[in-house]
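S.K.: This is the structure I have questions about; it appears just below.
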Amino acid sequence: MTSTDMKIEGKEITIQTQGFSDIKNITDHVRNYVEEVGIDEGICNIFVIGSTATVSTIEFEPNLVKDMQEKLEDFISRDSTTHHGQTWGDDNGFSHIRATFMGPGITAPVHQGKVLLGTWQQIVVIDNDNRPRNRRIFLQVMGR
């Protein structure tokens, strides 16, 4: 394969979130972009721009979404006192900690022109901040 055979394309999308571990399904955005770029084999990196949100996969089903939100609250409560909150007065130290443990991005394989996901697996953005946001997500597709 020569360098001219390889495509590398990127696109930023924005989604509206409510904060407090609001979970948004972005699978269709990712699938549509991979199709638009037109690669057959490669990868798609999905990265949220910001330090209080994360990208992951989940079965995007209402009760599992609720379970996830409750477990994140158990992990580190929004009412937790943090040094960050004391320093900056924004009371969102919990959101930084949640996001750090889960990570800002994932990479999904692209095989035969499709994003490779399990039957019940969707790509999600989890906004852990303590207020609504317009979340910026960068999609980068690489392949041939």
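S.K.: Name every residue in region 24-46 that is more than 20 Å from residue 118 (Cα to Cα) and either in contact with a Lys or Arg (Cβ under 6 Å, 6 or more places away or on another chain) or crowded, with 17+ Cβ neighbours inside 10 Å (or both), in order of residue number. Quick ask: steps written out before the conclusion?
M.R.: Kept after step one, since they are more than 20 Å from residue 118 (Cα to Cα), are these residues of region 24-46: 36-38.
Matches in region 24-46: 37 only.
Okay, residues lined up against (1) in contact (Cβ under 8 Å) with a residue 24 or more places away in the chain; (2) of a type in the set (Gly, Ala, Ser):
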residue	(1), (2)
56	yes, yes
70	no, no
87	no, no
92	yes, no
98	yes, no
111	yes, no
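S.K.: Could you check residue 15 against (1) within 19 Å of residue 113 (Cα to Cα); (2) assigned to a strand (DSSP E or B) and say which number it fails?
M.R.: (1)
S.K.: Do any strands (runs of 3 or more DSSP E) entirely within region 50-144 hold 1 or more residues that are out of contact with any Ser or Thr (no Cβ under 8 Å at 6 or more places or on another chain) and surrounded by 14 or more Cβ atoms within 10 Å (Cβ to Cβ), and if so, which? If you could, list the steps in order and put the result at the bottom.
M.R.: Numbers: elements: 53-58, 105-111, 122-127, 133-143.
Ranges flagged: 53-58, 105-111, 133-143.
S.K.: Which residue out of 136, 144 is charged (D, E, K, R) and under 13 Å from the mean Cα position of the chain (by Cα)?
M.R.: 136
S.K.: Would you be able to tell me the number of residues in region 22-43 that are at positive phi and part of a helix (DSSP H, G or I)? Walk me through how you get there before you give the answer.
M.R.: As a first pass, look at region 22-43 and keep what is at positive phi: 38, 42.
Among the residues that remain, those that are also part of a helix (DSSP H, G or I) are: none.
Of the residues in that region, 0 qualify.
S.K.: If a residue has to be basic (Lys, Arg) and within 16 Å of residue 18 (Cα to Cα) to count, how many in region 40-75 make the cut?
M.R.: 1
Any read-out appearing in this document is the output of simple, stated calculations on the displayed coordinates, not a laboratory observation. Remember, predicted model here, so these are calculated numbers, not experimental data. Please note: Cβ atoms are built from the backbone with ideal geometry, for glycine as well, and neighbour counts cover all protein chains shown.
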